[in-house]
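Following: one structure in C-alpha cells, then a few remarks.
The values are calculated or read from the model by the stated rules, or taken from the named source; none is laboratory data. All figures in this text were calculated on a predicted structure; none of them were measured in a lab. Glycine gets a Cβ as well: all are built from the backbone with ideal geometry, and neighbour counts include every protein chain shown.
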Amino acid sequence: MIRFFTSTLLLLTTIWSMAQSITGSVQDTKNQPASFAVVKLLRANDATLAKGTLADEAGHYTFTEVSAGTYQVQVSLVGMANTTSQPVSVQDGQSFELKPLVLNIAGQTLTDVTVRAQKSLVEQQVDKTVLNVATDATAQGKTAYELLQQAPGVVIDPNDNIRMAGKQGVNVFIDGKPANLSAADLANLLRATPASTIDKIELITNPSARFDAQGGAGIINIKFRRDKRLGLNGNASGGYGQSDHHRANAALDLNYRANRINLFGNAAVSDNFQITNVLLDRVAGGSQFRQRGYDSDGTRAIIYKAGVDYTLDHRKASPRQTIGLVVSGNSSGNRFGTYTTTKLINSQNTLDSSLINQSTTGTAERPARNNRVNAALNYRYADTLGLELNLDADVTRFTNTAPSAITSNYVDPNGQPLFRRQRRFDAATDITIVTLKGDFVKEWKSRHLKLETGLKRTDVSTDNDLLAFTGPDHTETTEQPDVNRTNRFTYREKVSAVYASLNRSVGKWSVQGGVRVEHANVTGRSVDLRQQTINSPDTSYLNLFPTAFVQYRATDNSQFSINYGRRIGRPNYQDMNPFVYQIDPYTSQRGNPYLRPTYTHNLEFSYTYKWASTIKLAYSHTDDFATDVIRQEGLMAYQTVANVGRVDALNLSVSTPYQFTKGWSVYAYAGATWNGFRGRLSANEPFDQRAFAFEGYMQHSFTLSKVWSAQVSGFWSAPTRQTVYRIGGLGALNLSLQKKIMQDRGKITLGIDDLLNTMRWKQSADFLTQQFNIDRKWESRRATIRFSYRFGSKDVKAARERPTGTEAERIKTKSNL
C-alpha cells in the first residue's frame, strides 16, 4: 500500500496542464480570512464579468479555464468596502497567484441599509441534496425525526428503519459523524431534538471513498447551527405543540469568537408524549388473532454540545494550524407502554378466549435510560498551497437500561378471568467505540488536480445483559429466573481502512476515482443460564470499495454527471444478539447471530440545470439483502432480521425550485422507484416480487411583507411493497405563518402539522404463512407555536466546520421491549 501511495504521488507531480488559472486569497485588516467573500473576475477593458465564485472557508479562491486576456479581481463582503486587484495579463499556458486582497470595513455603517438574502429551502448540489432547515418556517415546530419523515425521497417505517431513494441501509450522521445509535435509540434522539437547533440536512446517495463504505443507501448528515459572528452571540428558543397530548422544547446556543479562540456550546431540552392507536389482525394455525389497543410513548431528554477551536499560529497572515475539542452527548428518560386486547378466534370462527395485555418499558419513577457521551479531538493543518492534514481521535460511550414488565390476563368468551401470567426483564447495554483517523489532502490548483488519502481504525466493544423473570402467577407464588430468556451477549468489531482518491479537471470535464480498502474482524458470544454458548458471529473479511465520478459542464447552466460506488451494510450489533424480547405471550422479537453483511453496487446518471434543477436516474444491485421478517411457530409469531436474497432497484427523480413571483417561490421533488425482490423468507418460502414506489414533496414559500411570511409544504409516499409485505400510502400537509419582531432579532411562528390528519402506517401480507394486517395511527395533527431570539454581535466570521473521527459505527439496542 505504501508503494502505491508513493507511485501515485510521483505520477501526480509530473502531470502538466496547459489551462490558465488565477488563484489568490482574501483577508481582513486583522489578517483573518474573509471566508465566503464574493470574488469576481472582471475584464480590464470594460469591467464586464468573466467569472464569479466564492472564497472558501480559509479565504482562498481559484478561477480555472481562464481565456488569454487582461483581468482584475474584485472582492466584496457584507459590511466591507469592495477591493480590486491590479490588472494582470494572462497568456496561453500561464497561471497566476495574486497577492492577498485586503477588505476594509465600509466607511458607511449599515444602520440605514438592510441586506435581505435567503437561501433556498432545498438546494440541489452536484453530490447531494441540502435542506436548509434554518430558513424553513414550517420546520420550526417539528422535531428532527419529523423533518426526516418529510424529507424528499426519505421514508421511515414503524420500526424506525430509514429508506432513501427507495433503498434501505441509510447511515445517519450528526455534524459529520455517525449518531452511534440503534434505529430505536436514534429515533428517540431525533424525536427529542427540536428542529430549531438544526442548520441543514444533507442527503448524500453516493458518498466518495473518503467516507466509510457502511450504508448501502448513502448518508444523511444532520448539521447543527454554529454562530459565525465575532464576540459573544447566541440564540434562545422555545416551542409548544398540542395534539391530544403535549410537546414542549427549549434550546440555547452560545458562541464566543475572538482572534485565536472560538468557544461554543448548545443545549436543548424536551418533554414529549403521544398515543398511537394500534390494530393488528393475523392468522396462524387456522386461528385468527384480532388485536386492538394503543401505545403510549413519553420522552424527556437533554441534548448538549460544548467545544473549543484554538488557532496555534494566529499572528500569521494565513493561520495554518488549529486544534479543537468537542464533547457532545444526550441523555433521555423514556416511558413506553403497550396496552392491547387480543381476541383468539378458533377455526370454527367463534371466540375461544381473550388476552388483555399490558407491556411497559420504564415508568415515571424508573424510566428507561439512554446516555451517550462523545469526546472528539481534532488537529488541522492547511496552507495556501493546497496542503491539508486532519488528525482525529474519538471516544464514544453509550449506556442503556430498560426495565420492563408484561402482565397478561386471560379471560374466557364470557369475559370471566381464567388466569394471569407475569414477566419482568432488566436489559442493560454498554458500548464503547474508539476511533483514530487521519486525512491528507494535496491540491495542485494550477493543474486542477487534487489527491485525498487517509486511514482509519475503529474498535467497538459491546456488552448486553438481559435478566428475565417469570411470576408470580397461577403456577408460581414467587418470581423465578427465566432460564429460557436470560442471556448475556458480548460483541467485538475491529475495522481498519485506508483510502485514496484523485480528482482531475480538464476543460469542461472533471473526473474523480477512488478506492477504499476495509478489513473487518468480528466476534460475538452469547451465554444463557444453562451455560449454553453461541460463538457467532466469528468472521473476518477484506473488501475493496471503488468509487468513480465523471462530470461534464456542457454550458455555464448545464451539467451532466455519472458516478459509481460499491458499499457495504454491516448488521447492527443488536440485530445479531439472540436475546428474545417478549412483547406479549404470542409476539416477540429476537436477533440473528448468523446475519451476513449486504453489498450494494450504485450507479447514477444526472443532469443539472442552473445548479438547481436536477433529473437523476439511479440503479442499484444488492446481494444478501437483509430485512425484518415475521416467523410463525405454531400460534406464536416473532420478528427478526434475516438475509433474504437480492434486490434490483431503478430510481428516477426530478427536483427543481421555481420563482413564480417576487414573493412566491416553490420547490418540488418527485421520485419513482421500480424494485425487484428475489429470494427466500425461509427454506419453504421463496419469493419473486416486483414493486413500484413513488415519493413526492412540494414546498411553497410566500413573502407577505417585510416582517410577515408563510409556507405550505406537503409530501406523499404512494402504496408499495417490500419483499412480500405491502405498505400503505403516507402523506401530510403542513402550514406555517411567521412574523419577525424586536428589530428582526426575534421570530414568532404559528403552525399546523398534518392538517388533514393523514399520517398513518399500514402494512399487510398475504403470502404462505405470512398472513397479517397492521394499522398504526399516531398524533400527527398538531398546532404549534414557537419563539426564537438571537442576540450578540453582527460582525461575521465563518465558523470552522469539520467532520470528526468516526464515520459509521452502528449501535443498536432494544429500548422498547
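Data overview
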| item | result |
| --- | --- |
| Whichever residue in segment 350-404 is crowded, with 22+ Cβ neighbours inside 10 Å and acidic (Asp, Glu) and, among such residues, is nearest to GLN582 (Cα to Cα) | ASP394 |
| Leading residue by the ranking (nearest to GLU388 (Cα to Cα)) among those in segment 28-63 that are more than 34 Å from the chain's Cα centre (by Cα) and either in a strand (DSSP E or B) or in the same structural domain as ASN259 (by TED's automatic domain parsing) (or both) | ASP28 |
| Search result, residues across segment 731-786 that are of a type in the set (Ser, Thr, Tyr) and part of a loop (DSSP other than H, G, I, E, B) | THR758, THR769, SER780 |
| Selection count, segment 627-656, where residues are in contact with a Lys or Arg (Cβ under 9 Å, 6 or more places away or on another chain) and under 18 Å from LEU203 (Cα atoms) | 5 |
| Residue list for segment 756-787, filter: among the aliphatic types (A, V, I, L, M) and surrounded by fewer than 17 Cβ atoms within 10 Å (Cβ to Cβ) | LEU756, LEU768, ALA783, ILE785 |
| Residues that are in a strand (DSSP E or B) and at positive phi, drawn from segment 605-661 | ASP624, GLY645 |
| Set TYR658, TYR725: member being in contact (Cβ under 8 Å) with a residue 40 or more places away in the chain, in contact with a strand residue (DSSP E or B) (Cβ under 9 Å, 6 or more places away or on another chain) and not basic (Lys, Arg) | TYR725 |
| Scan of segment 550-567 for residues that are more than 19 Å from HIS621 (Cβ to Cβ), hydrophobic (A, V, I, L, M, F, W, C) and either surrounded by fewer than 12 Cβ atoms within 10 Å (Cβ to Cβ) or within 24 Å of the chain's Cα centre (by Cα) (or both), ordered by number | ALA554 |
| Residue count, segment 437-467 (criterion: surrounded by fewer than 21 Cβ atoms within 10 Å (Cβ to Cβ), within 13 Å of SER496 (Cβ to Cβ) and basic (Lys, Arg)) | 1 |
| Of all residues making up segment 257-316, the number that are surrounded by fewer than 16 Cβ atoms within 10 Å (Cβ to Cβ), more than 30 Å from LEU351 (Cβ to Cβ) and over 26 Å from the mean Cα position of the chain (by Cα) | 9 |
| All positions within segment 610-640 that are over 26 Å from the mean Cα position of the chain (by Cα) and exposed (fewer than 15 other Cβ atoms within 10 Å of the Cβ) | LYS610, GLU633, GLY634, LEU635, MET636 |
| Flag if LEU12 is surrounded by 14 or more Cβ atoms within 10 Å (Cβ to Cβ) and modelled with pLDDT of 75 or more | no |
| Condition met for ASN330 (in a strand (DSSP E or B), modelled with pLDDT under 90 and surrounded by 17 or more Cβ atoms within 10 Å (Cβ to Cβ)) | yes |
| Residue match in segment 275-296 (condition: touching a helix residue (DSSP H, G or I) at 6+ places or on another chain (Cβ under 7 Å) and more than 30 Å from TYR381 (Cα to Cα)) | no |
| Breaking point among (1) more than 30 Å from LEU344 (Cβ to Cβ); (2) assigned to a strand (DSSP E or B), for TYR581 | (1) |
| Single match in MET18, MET80 (criterion: over 24 Å from PHE440 (Cα atoms), at pLDDT below 75, buried (at least 19 other Cβ atoms within 10 Å of the Cβ) and aliphatic (A, V, I, L, M)) | MET80 |
| Test: residue in segment 619-629 that is without any contact (Cβ under 8 Å) to a residue 60 or more places away in the chain and more than 29 Å from SER588 (Cα to Cα) | yes |
| Strands (runs of 3 or more DSSP E) within segment 185-281 that include 3 or more residues farther than 20 Å from ASN161 by Cα | 198-204, 231-242, 246-257 |
| All positions within segment 335-359 that are modelled with pLDDT under 90 and touching a Gly at 6+ places or on another chain (Cβ under 7 Å) | SER347 |
| Residue selected from segment 405-436 under the condition within 30 Å of LYS177 (Cα to Cα) and free of Cβ contacts under 8 Å to residues at least 60 places away in the same chain, by the criterion surrounded by the fewest Cβ atoms within 10 Å (Cβ to Cβ) | THR432 |
| In segment 373-386, the residues that are at pLDDT below 90 and not in a loop (DSSP other than H, G, I, E, B) | ALA382 |
| Yes/no for LYS99 being surrounded by fewer than 17 Cβ atoms within 10 Å (Cβ to Cβ) and at pLDDT 80 or above | yes |
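The rows are residues; the columns are (1) touching a His at 6+ places or on another chain (Cβ under 9 Å); (2) assigned by TED's automatic domain parsing to the domain that holds PHE264; (3) not in a strand (DSSP E or B).
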residue: GLY298; (1), (2), (3): yes, yes, no
residue: LEU325; (1), (2), (3): no, yes, no
residue: PHE336; (1), (2), (3): no, yes, no
residue: ASN349; (1), (2), (3): no, yes, yes
residue: SER354; (1), (2), (3): no, yes, no
residue: SER359; (1), (2), (3): no, yes, no
residue: ARG369; (1), (2), (3): no, yes, no
residue: ALA393; (1), (2), (3): no, yes, no
